Amino acid sequence: MLVILEAVSGPIAGRRIEVRAGTILRVGRTAKADYALGEDSYLSGQHFAIENDGSEARARDLGSSNGTFVNGERVVSENVLCEGDSLTAGGSTFNIHIEANAPAKESPSRASTLPTDSFPSTSRINRAELGLPDDSWPGFTRGQSVLLTSLYRDGGTVFAVLDPLRDGRIPAFLDASGERFIALDDGFRVVVYVVELPPHARLLDVLIKDGWSRGWGFYCTSAAGLEDLCAHFKNFITLYTPGGTPLTFRFWDPRVLRASIPAFLPREAADFFGSLTRMIVESEKTEMAVEYSLGPRGAKQESLVLV
């Protein structure tokens, strides 16, 4: 029996990892693992193990910081794997393929990618020192580089507004990132996170590579600090109808923003933008983004082509 982990999202998307019968493969971020994925900074040193006893495959978490998930459920002790299962660890998601009739083969004593130190954090690379153009972000695709350049082109502070209901790993990513963030909490209905993203933030790797086009939230720039921006956003979590009925305004949902901002009257747009200079929201098409800014006649909209 052969177990194949096919990376479908995250920094190693497209890679296949094989676990042959009679072997246990430990996967993690450092060379201590049997298979080291130094590209994924959200993996623990030894994050999870795949055991293939020839008749059954099992996934086991190795005490990782961010957890291991099979089909969205956290692995507590171990989970039996089946064809088509989804396994998520760190910033990577794998589809599980099981070839029941694959012949047994002695696996090499160790398999690894380059150790962690061979993969400097993408955002910590000084592009000018490397002679790279300003719109080049090493480790990111051209489309992702266009998005990042658009976010940071004006030199303002960049923030992300993230919805943990879209992906249960978001709180763990924020805790592990070391970046400053605040939870917007209206007390009983919603919790949304606002995180400050300096251009060297390693959190950008998972947000751009794994979260973009999956409705995690939106990005914005502002002259205000994190605390002031959160205080501003709290004013819009709950809105009221003319009859006084409270409604939750899910402005962090890209679909809601795309529908609401063009419909704002100039005064409504000015109130909602406040200190915001720009908002960048994913489009219905993965290769597109929508940028909103405030003009004298209300909100302005511009399409960004991410190719």
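The values are calculated or read from the model by the stated rules, or taken from the named source; none is laboratory data. In this text, all values refer to a predicted model and were calculated from it rather than measured experimentally. Here the Cβ is made from the backbone with ideal geometry for all residues, glycine too, and neighbour counts use every protein chain on show. Just so you know, the surface numbers come from the protein's heavy atoms only, side chains and all, with ligands and any DNA or RNA stripped out. Shrake-Rupley method; radii C 1.70, N 1.55, O 1.52, S 1.80 Å.
A few remarks follow.
- Qualifying residue in region 148-155 (condition: closer than 23 Å to PHE249 by Cβ and surrounded by 18 or more Cβ atoms within 10 Å (Cβ to Cβ)): no
- Conditions (1) in contact with a Gly (Cβ under 9 Å, 6 or more places away or on another chain); (2) of a type in the set (D, E, K, R); (3) modelled with pLDDT of 95 or more; number of the one not met by GLU227: (1)
- Counting only helices (runs of 4 or more DSSP H) wholly contained in region 170-235, no element carries 1 or more residues that are within 13 Å of the chain's Cα centre (by Cα) and within 16 Å of PHE272 (Cα to Cα).
- Subset of region 193-251 (residues that are buried (at least 20 other Cβ atoms within 10 Å of the Cβ) and polar (S, T, N, Q)): THR221, SER222
- Applying a threshold of 6 Å to beta carbon distances and a minimum spacing of six or more residues, or different chains, the list of pairs starting in region 254-267 at a residue that is under 16 Å from GLU291 (Cβ atoms) and ending at one that is surrounded by 10 or more Cβ atoms within 10 Å (Cβ to Cβ) and charged (D, E, K, R) reads PRO254/GLU282.
- Scanning region 252-303 for residues that are more than 28 Å from ALA183 (Cα to Cα) and under 20 Å from the mean Cα position of the chain (by Cα), we see that the one that is modelled with the highest pLDDT is MET288.
- From the list LEU5, LEU43, LEU25, the one residue that fits, being under 18 Å from ASP205 (Cα atoms) and either among the basic types (Lys, Arg) or open to solvent by less than 50 Å² (accessible area, probe 1.4 Å) (or both), is LEU43.
- Subset of region 258-277 (residues that are open to solvent by 70 Å² or more (accessible area, probe 1.4 Å) and in contact with a Ser or Thr (Cβ under 7 Å, 6 or more places away or on another chain)): THR277
- Summed over region 46-97, residues that are touching a residue at least 24 places away in the same chain (Cβ under 8 Å), within 26 Å of ASP205 (Cβ to Cβ) and part of a loop (DSSP other than H, G, I, E, B) total 10.
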